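Heads up: the structure comes next, in structure tokens.
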Amino acid sequence: MRMEILNILSNPTTTPPWMTPLNTFYNNNTLCKYKFISKYDVSVFSSLSSLSKSNASSKLSHMPTYSSNPGIFPMCHGSSWMQEKSMCCDTNANNGRKQGPLYSALPKTPAEVSSVQDLFEFICSGPLMDKLGLSKEMVAESIDKWLAYGSYLSRLFQLNELYLTIPQKARFYHYYIPVFFWCEDQISQHRSMYKDGDEIPPLVIGFSAPQGCGKTTLVFALNHLFNVTGRKTATISIDDFYLTAEGQAKLREENPGNALLELRGNAGSHDLSLSIETLTAISKLTKEGMKMKLPRYDKSAYKGKGDRADPSTWPEVEGPLTAVLFEGWMLGFKPLPAEFVKSVDPQLETVNKNLEAYYDAWDKFIKVWIVIKIKDPSCVYEWRLQAEIAMRAEGKPGMSDEEVQDFVSRYLPAYNAYLPTLYSEGPNGSDPKRLLVIEIDEGRNPF
């Protein structure tokens, strides 16, 4: 069955919730005080207003300005497509997860400062516009939000929004912000299913994407946008549910000679009881004052073999949560006929058997899915190699080319076996109406 994509405007005559005013976090400063907008741009929006039924320029008279208070916007370095020698370090915006350096080969030549009209046209040229059912009229109607979210992301990744490179602008306005709007619409639909006074469980959004394609940075950015717009969210990864070092050693002993289970990664190397316990508990954080700690994994322990982090270091989240952002490279994978997986790699047979228990442990909790699709799993090797080369060039510890090859080779059998079904049928147990598929190129950008 061909995978369907949800159009975020199921009723084109209804204004989407993400197009409502930003009164909850806008101040009363005038448009011309907003650094990204000039007096010339005010007149530009007079013409843009004709694209929408309401006056876009009137909404733009209440734009946020920069603040001298650094506490208003959590400051964090992003991946190197954002800024060289950068590190994601905002633990509040990512539920205590310290994100390491993320590298890519995108160019860093500053773009010319654009007018709002130029930015409007740039937004409308995005590859996700048609897929998400967006039109120029809708962008004009909600242009204040696009500008505000671009400002928030620039501050998050410590960028000057007047000098974003073209790849940086594309990442914000063609990728992160459109996906955020889609998530907002999904949350609105989820909450509309409950009556006033009901306890509404957080919506669990699953992000299934191969390693190195930028899913962690995407989740990081979305989580920040949720936070600055007043929503409480939590982020978790399948990495958080890896077996302890002792459990991994036992798995290795029980599967001698199986390279796919020698180290953490494939199905069988996760503590499914912990994931069920965590996802069940987090779904109950519906009231003020309700708290829980989220498990975390320390990949640096035991010389890189890893171990579960000490519970005293786990971050705490408090309800009521609006959404849970759950990401992982193998989320949504379905068990396949044994003969088929054996033809891909004989060692995959045990992994495939282990995968049978994963639906109840992970996938059944996920109500909305975002699948990042790649053309060729070999991209995973190239992306990982880029990261390690960049790290070595900066004098940081990094795997050799041979070690990268060995590392990725332990995942490629699963990619080759399960990705075709994931892309053709959707994640295990997913609703086609609540599924967004985004195909990215070798540069990790939608097309």
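Extension gain for the segment SER188 to ILE166, taken as residue separation times 0.36 nm less the Cα-Cα distance, is 4.7 nm to one decimal. With a cut-off of 13 Å between beta carbons, the residues surrounding PRO202 carry a summed charge of +4, where Lys and Arg count +1 and Asp and Glu -1. Using only side-chain charges placed at the Cβ, +1 for Lys and Arg and -1 for Asp and Glu, the dipole size of the range 141-257 relative to its Cα centre rounds to 340 debye. Oblate is the label for the range 169-259, because the ratio a/c of its alpha-carbon gyration tensor axes (a ≥ b ≥ c) is 1.5 or higher and a/b is not greater than b/c. Counting only residues at least eight positions apart within a chain, or on another chain, the aspartates and glutamates with an alpha carbon under 14 Å from that of LYS293 are ASP240, GLU277, ASP310, GLU316, GLU318. Note on ALA245 and SER300: the extension gain reaches 18.7 nm, defined as 0.36 nm multiplied by sequence separation minus the Cα-Cα distance. Mind listing which trypsin sites (Lys or Arg not before Pro) in the range 297-336 are in a DSSP loop and have 16 or fewer other Cβ atoms within 10 Å? For trypsin sites (Lys or Arg not before Pro) across the range 297-336 that sit outside H, G, I, E and B with at most 16 neighbouring Cβ atoms in 10 Å, the list reads LYS299, LYS303, LYS305. Here each label is just a point 7 Å from Cα along the line to Cβ, and for SER400 and LEU336 those points are 3.3 nm apart. Taking loop as defined by DSSP and a crowding limit of 11 other beta carbons within 10 Å, which trypsin sites (Lys or Arg not before Pro) in the range 139-234 fit? Of the trypsin sites (Lys or Arg not before Pro), the ones in loops of the range 139-234 whose Cβ has at most 11 other Cβ atoms within 10 Å are LYS195. Sorting ILE200, ILE370 by solvent-accessible area of protein heavy atoms yields ILE200, ILE370, largest first, with a 1.4 Å probe. Separation of the range 304-375 from the range 205-237 is 16 Å, based on Cα centroids. The local environment of GLU382, defined by Cβ-Cβ distances under 10 Å, has a net charge of -1 under the rule Lys, Arg +1 and Asp, Glu -1.
Computed about the Cα centre, the dipole magnitude for the range 207-265 is approximately 380 debye when only Lys and Arg (+1) and Asp and Glu (-1) carry charge, each at its Cβ. Of the chymotrypsin sites (Phe, Trp or Tyr not before Pro) found in the range 252-326, those in coil by DSSP whose Cβ has at most 13 other Cβ atoms within 10 Å are TYR302. Is the shape of the range 323-420 rounded, prolate or oblate, going by the alpha carbon gyration tensor and its root eigenvalues a ≥ b ≥ c, with a/c under 1.5 for rounded and a/b larger than b/c for prolate? Oblate is the answer for the range 323-420, as a/c is 1.5 or above yet b/c matches or exceeds a/b.
Candidates ALA361, ILE440, ALA387 compared by Cα position along the dipole of the range 340-447: farthest toward the positive end lies ALA361, with charges placed on Cβ.
The values are calculated or read from the model by the stated rules, or taken from the named source; none is laboratory data. Computed from a predicted model, the values in this text were never measured in an experiment. Virtual Cβ from ideal backbone geometry, glycine too; neighbours counted across all protein chains shown. When the accessible area is computed, the model is the full protein with side chains, heavy atoms only, and any ligands, DNA or RNA have been set aside. Shrake-Rupley method; radii C 1.70, N 1.55, O 1.52, S 1.80 Å.
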